[in-house]
1. Would you check which residues across the stretch B:16-34 are at the interface with chain A (Cβ under 7 Å from one of its Cβ atoms) and either assigned to a helix (DSSP H, G or I) or under 15 Å from B:Gly109 (Cα atoms) (or both) and list them?
2. If you go through the stretch A:64-106, how many residues are hydrophobic (A, V, I, L, M, F, W, C), over 18 Å from B:Ala35 (Cβ atoms) and buried (at least 24 other Cβ atoms within 10 Å of the Cβ)?
3. Any chance you could count how many residues in the stretch B:136-163 are away from chain A (no Cβ under 14 Å), without any contact (Cβ under 8 Å) to a residue 40 or more places away in the chain and in contact with a Gly (Cβ under 9 Å, 6 or more places away or on another chain)?
4. I'd like the full set of residues that are touching a helix residue (DSSP H, G or I) at 6+ places or on another chain (Cβ under 9 Å) and either modelled with pLDDT of 50 or more or assigned to a loop (DSSP other than H, G, I, E, B) (or both), limited to the stretch B:67-86.
5. Somewhere in the stretch A:38-47, is a residue aliphatic (A, V, I, L, M), at pLDDT 90 or above and buried (at least 24 other Cβ atoms within 10 Å of the Cβ)?
6. If you check A:Leu124, A:Leu173, A:Leu144, A:Leu134, which single one turns out to be out of contact with any strand residue (DSSP E or B) (no Cβ under 8 Å at 6 or more places or on another chain), at pLDDT 90 or above and among the aliphatic types (A, V, I, L, M)?
7. Hey, B:Ala136 hits all of (1) surrounded by fewer than 17 Cβ atoms within 10 Å (Cβ to Cβ); (2) at pLDDT below 85 but one; which does it fall short on?
8. Where in the stretch B:87-192 are there strands (runs of 3 or more DSSP E), lying wholly inside it, with at least 3 residues that are more than 24 Å from A:Glu74 (Cβ to Cβ)?
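The values are calculated or read from the model by the stated rules, or taken from the named source; none is laboratory data. Computed from a prediction, not measured in an experiment: that's the story for all the values here. Note that we place each Cβ from the backbone using ideal geometry, even for glycine, and neighbour counts take in every protein chain shown.
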Amino acid sequence: MQRARQRVRPEPSSPSRTRPGELPTVTRSKSVGRDDLEAFRDGDPAGVRALYQTYGRLVDAVAHRVLGSHELAEEATQQTFVRAWQASDRIDVGRDPAAWLATIAKRNAIDIYRREARRPKRALDDVAADDPALVTLPPDLGALDAAWRVRRAIDELPGDEATVVRLQHLDGLTQQEIADKLGLALGTVKSRAHRAHQRLAAALGHLREAPA
Amino acid sequence: MNDLELLDELLAHPSTWVEPPPDLEDVVVWAVVDAAAAAPRIAPAAAHRRRRRGASLFAVAAALVAALAVGAAVLGGGAATADYQGNLSATGLAPGAHGSVAITHTAAGFRVRLDARGLPPLGDRELYQAWLKDAAGTLVPIGTFSSSNDRVTLWSGVSPHDFPTLTITIEPIDNNQASSGQRVLMGDVHRR
């Protein structure tokens, strides 16, 4: 990952908008079909909603990875779907649109990153610590492909397994601490973690392949 | 970085686990619907027929018009980009509160995306109310909400250009529609 212009390295903003004390959950995505894609192409709200419900979390995660702020990521997510509609006469409704939408999402997030980096600079003290102009160069497209694939694989995990993976990797808890936090037997946590990592390994394959 | 290290790094990165706010779905849906209404695309079937006919002068002209329309929609960005933003500061009634606001001009009015944190808890039969205020002190209510620590979407029928001060008050639920004056957050918004 490039960090050539790094001057300030803040803690990344909180991953969720859940309330303090809430147990983290990962919501699984729905699937999108030919009818949904045709409705999206027609600008039908039901089609837009179906595409968002399937891919909105992925788009938001990639945008967040590039931009590092909830507000900019939400703007990027909104723009991505508008641009996808503007280009939707090129959708093949018989195929999974994930790779096509991933390309739009990555490029759009990087466009916003560059726009923010071009904004007139104020005194350093007045600039938010997570301002993308201060923090990093945007990740390369290969790293964003991997981010998209990992998030998609997580979305496809059963919710209880995703929760264990999150607590283990994001929160840095031991399996015993996870068991205590969730009120589960240690053996249950171990088996969920084992199954989750097997599923992730199977779903991800080689990370540098084209996004699924 | 090998694949295993990359996987570890991604699983430990907050962005991998981020969950968009619930109201983003509606924001996205209506942004696309607005864009579709403002700049209808050429129907795919027509585009295919035109490609079969080859690059006639008419087709080139139509493509130029379509490209300009799409370009204007992207550059205009009215539905997709906040037009005004600002930070909100605590008042003496709620010293721990803070917030920010992003306002987008849409065909339906001004969509106000408010992120208010650390508001004091509400009592029974109370709610938070947001207002926009102009230089003369005229207050326009733009919506009510009840969460002390969340993002909410409100709508305004007046422009923040003319009403640039946003305040949040605590209001009793009664028949009095005037502001209680119990301000817990306030700040000015500015064009981006």
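1. At the first step, the residues of the stretch B:16-34 found to be at the interface with chain A (Cβ under 7 Å from one of its Cβ atoms) are B:16-21, B:24-25, B:27-29, B:31-33.
Answer for the stretch B:16-34, where residues must be at the interface with chain A (Cβ under 7 Å from one of its Cβ atoms) and either assigned to a helix (DSSP H, G or I) or under 15 Å from B:Gly109 (Cα atoms) (or both): B:Thr16, B:Trp17, B:Leu24, B:Glu25, B:Val27, B:Val28, B:Val29, B:Ala31, B:Val32, B:Val33.
2. 4
3. Selection size over the stretch B:136-163: 2.
4. B:Gly77, B:Gly78, B:Ala79, B:Ala80, B:Thr81, B:Ala82, B:Gln85 - these are the residues of the stretch B:67-86 that are touching a helix residue (DSSP H, G or I) at 6+ places or on another chain (Cβ under 9 Å) and either modelled with pLDDT of 50 or more or assigned to a loop (DSSP other than H, G, I, E, B) (or both).
5. No, the stretch A:38-47 contains no residue that is aliphatic (A, V, I, L, M), at pLDDT 90 or above and buried (at least 24 other Cβ atoms within 10 Å of the Cβ).
6. Numbers: A:Leu124 fails: at pLDDT 90 or above; A:Leu144 fails: at pLDDT 90 or above; A:Leu134 fails: at pLDDT 90 or above.
On inspection, the qualifying residue turns out to be A:Leu173.
7. (2)
8. Numbers: elements: B:98-106, B:109-117, B:126-133, B:139-145, B:150-156, B:165-172, B:183-188.
So the answer is B:126-133, B:139-145, B:165-172.
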